[in-house]
Amino acid sequence: MKVAVLMPTYNEAETLENSVRDLFMHNPDVDLLVIDDNSPDGTGAIADRLARANSSISVLHRHKKKGLGDAYVEGFTQLLGKQYSHFVEMDADGSHRAEDLKKMLNQAGKFDLVIGSRWVVGGEVTNWSPTRQAISRSGNRYARWILRSKVSDMTSGFRVYSRDLLEKLPLKSMQAHGYAFQVEMTFKSERLTSSIMEIPIRFIEREGGRSKMSLWIVFEAFWLCTKWGLVGAKR
């Protein structure tokens, strides 16, 4: 496998360097694309410095913050022009452990999509309040029910796509901008009858920086899931 990891960033100056170090410590053969949305805290400059020191790292600078979904679509589109077989979505805040990615990549050759799941047997979340866990569990249950999905953690942002699946997905017509992007990608992957595997992971709440979660992101996810479930999403 030839693997590209995509890390969207916005104000991740406190966490990016450690996340990149851990990534290559456990997965030395991957390439990394950092996608920075003109972070005012200097994350882009840190990414450039890391890229100068490691030829496996490249940086995509975007002029403004346009959302997680847009960042991934732009990154996927750029990397599909290269000879990668698999594409990884991974957060830059340390919440996704590089050792878990190693387990996911071990299964990636057998499935179209491998999802690092918090909500399957063996998965866990560290440093989340009971309220935060309840919100995430409830959101996933609702998405799974309204979309008739078999995936337990539809909102997980830690996943591995095969080239074959990404080339079939309508990336340029994705509707979601925030975390609903993960639900949309999962939903449309299932509609393609793709083979999907969930691997239990340990999700660790960020120790630096600020969460990008907002009421708007929650509303977008609820509204789009309901829309897709009731009227269907365009392929």
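The values are calculated or read from the model by the stated rules, or taken from the named source; none is laboratory data. Everything numeric in this text was worked out from a predicted model, so none of it was measured. For neighbour counting, all protein chains shown are included, and Cβ atoms are generated from backbone atoms with ideal geometry for every residue, glycine included. Surface accessibility is based on the protein's heavy atoms, side chains included, excluding ligands, DNA and RNA. Shrake-Rupley method; radii C 1.70, N 1.55, O 1.52, S 1.80 Å.
Just a few scattered comments:
- Assigned charges on the beta-carbon of Lys, Arg, Asp, Glu; the chain dipole about Cα centre (debye): 840
- Rounded to 5, the percent of DSSP beta bridges in the chain classed as antiparallel: 25
- Residue-count net charge about Asp31 - beta-carbon cut-off 10 Å; Lys, Arg +1, Asp, Glu -1: +1
- Distance (nanometres) between label positions extended 7 Å along Cα→Cβ at Glu99 and Ser195: 2.8
- The chain: relative contact order as a whole-number percent, Cα under 8 Å and 6+ apart: 25
- Förster radius 35 Å - calculated FRET efficiency between Lys227 and His63 (Cβ-Cβ, nearest 0.05): 0.75
- For the peptides 166-177, 110-121, residues were scored by their other Cβ atoms within 10 Å and the scores averaged per peptide; the highest-first order is 110-121, 166-177.
- For the stretch 88-101, the Karplus equation 6.51 cos²θ - 1.76 cosθ + 1.60, evaluated at θ = phi - 60°, returns couplings of 10, 9, 8, 6, 9, 9, x, 6, 9, 7, 5, 5, 6, 4 Hz by residue, with Gly and Pro reported as x.
- Dipole of the chain, positive end: most advanced residue of Val231, Ala47, Ser156 [Cβ charges, Cα centre]: Val231
- Listed values (i) 115; (ii) 145; (iii) 134 include one computed from this model; for volume of the Cα convex hull per residue in Å³ that value carries the label (i).
- Ignoring lysines fewer than eight residues from Lys227 along the same chain, the ones with Cα atoms less than 23 angstrom from its Cα are Lys66, Lys150, Lys168, Lys172, Lys188.
- Carbon and sulfur %, accessible surface of the chain computed with the full protein complex present, 1.4 Å: 53
- Positive-end residue of Met25, Thr15, Ser95, charge dipole of the stretch 1-118 with Cβ unit charges: Met25
- The charge dipole of the stretch 1-59, taken about the Cα centre with unit charges on the Cβ atoms of Lys, Arg (+1) and Asp, Glu (-1), comes to about 240 debye, rounded to the nearest 20.
- Sum of -39500 (n - 2.57) over DSSP H runs of 4+, divided by residues of the chain (222 nm, nearest 500): -13000 deg cm²/dmol
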